[in-house]
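Here is the structure we will look at.
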Amino acid sequence: MDYTNPNLHYSYDMEQSRFFTKNQHNYVNVLGKEQMQTMGNVFLLDVFLSSGNIVEPHYHLNASELIYCITGETIVSMINPSTNELNNIRIQPQQVVTIPQGWWHYFAANKDNTHVLTIYDISELNTVWGSDVLRLTPPQVFAHTYCLDKEQIQQALQPIRDTVIIGPPADCNQRRGSYSNKQAYYQPYYHPSVPYYYTSQMQPPYNQP
């Protein structure tokens, strides 16, 4: 990079770079090399959530992730592909969770005004969103593969018409309570003599509230 270039800039206002908006309380800002060429091999998503809202299940093809809680409280859930275990970690301000590259994960706000910064060790992020997998795979494939009723699958997935990113979608009319996970274990710091997360076997039926 030619640092004598007078057009290079070394600061940026992430409010000017919106990645996704659900509403005024749930949105994501982005910072990558497209916004600021001088930032190096890093990519940022600035995520704002109100209670009960969730960043949908997804994985990153090309990057590991660090989630840093700034305000509020969030539950980060990830599946360890080596053990087939679902790990749930609750974090509060100044606490972090790391997610290895390629791991299926999602996170939800436990409080209003939750603000987290997600940091990636890559300058261009590639993400596979769960809603895209569900809406782009023909229902008959799910039905045949898992011995399910085709009509029921088609009816269940029909409302997913676009990438969700922050769920539930703004037009969701389904009766629901706030998202919570009683299995999530809060450990304020890591100590080698105790486990730092709660682990549950991925065996149906899932022990979700």
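The values are calculated or read from the model by the stated rules, or taken from the named source; none is laboratory data. What you are looking at is a predicted structure, and each value in this text was computed from that prediction instead of being measured. Neighbour counts are summed over all protein chains in view; Cβ atoms, including those assigned to glycine, are modelled from backbone coordinates with ideal geometry. Areas reflect the complete protein model, heavy atoms only, side chains present, ligands, DNA and RNA absent. Shrake-Rupley method; radii C 1.70, N 1.55, O 1.52, S 1.80 Å.
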_As an exercise: evaluate residue 43 against (1) closer than 23 Å to residue 111 by Cα; (2) open to solvent by less than 40 Å² (accessible area, probe 1.4 Å) and give the number of the one condition it does not meet._
(1)
*Tell me which of these residue 90 doesn't satisfy, since it passes every other one: (1) within 19 Å of residue 52 (Cβ to Cβ); (2) of a type outside the set (Asp, Glu); (3) open to solvent by less than 30 Å² (accessible area, probe 1.4 Å).*
(3)
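Could you pull out every one of the strands (runs of 3 or more DSSP E) wholly within segment 31-149 that has 1 or more residues that are under 12 Å from the mean Cα position of the chain (by Cα), touching a residue at least 24 places away in the same chain (Cβ under 8 Å) and within 23 Å of residue 163 (Cα to Cα)? Steps first, please.
Details: elements: 43-49, 54-60, 65-71, 74-80, 85-91, 96-99, 105-109, 114-120, 127-129.
Here the list reads 43-49, 54-60, 65-71, 74-80, 96-99, 105-109, 114-120, 127-129.
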*For segment 1-10, enumerate the residues that are open to solvent by 90 Å² or more (accessible area, probe 1.4 Å) and closer than 25 Å to residue 118 by Cα.*
10
*Do we find that residue 30 is β-branched (Val, Ile, Thr), farther than 18 Å from residue 72 by Cβ and open to solvent by less than 30 Å² (accessible area, probe 1.4 Å) in this structure?*
yes
*Being of a type in the set (Gly, Ala, Ser) and open to solvent by 60 Å² or more (accessible area, probe 1.4 Å) is the filter here, so list the residues in segment 58-87 that pass it.*
82
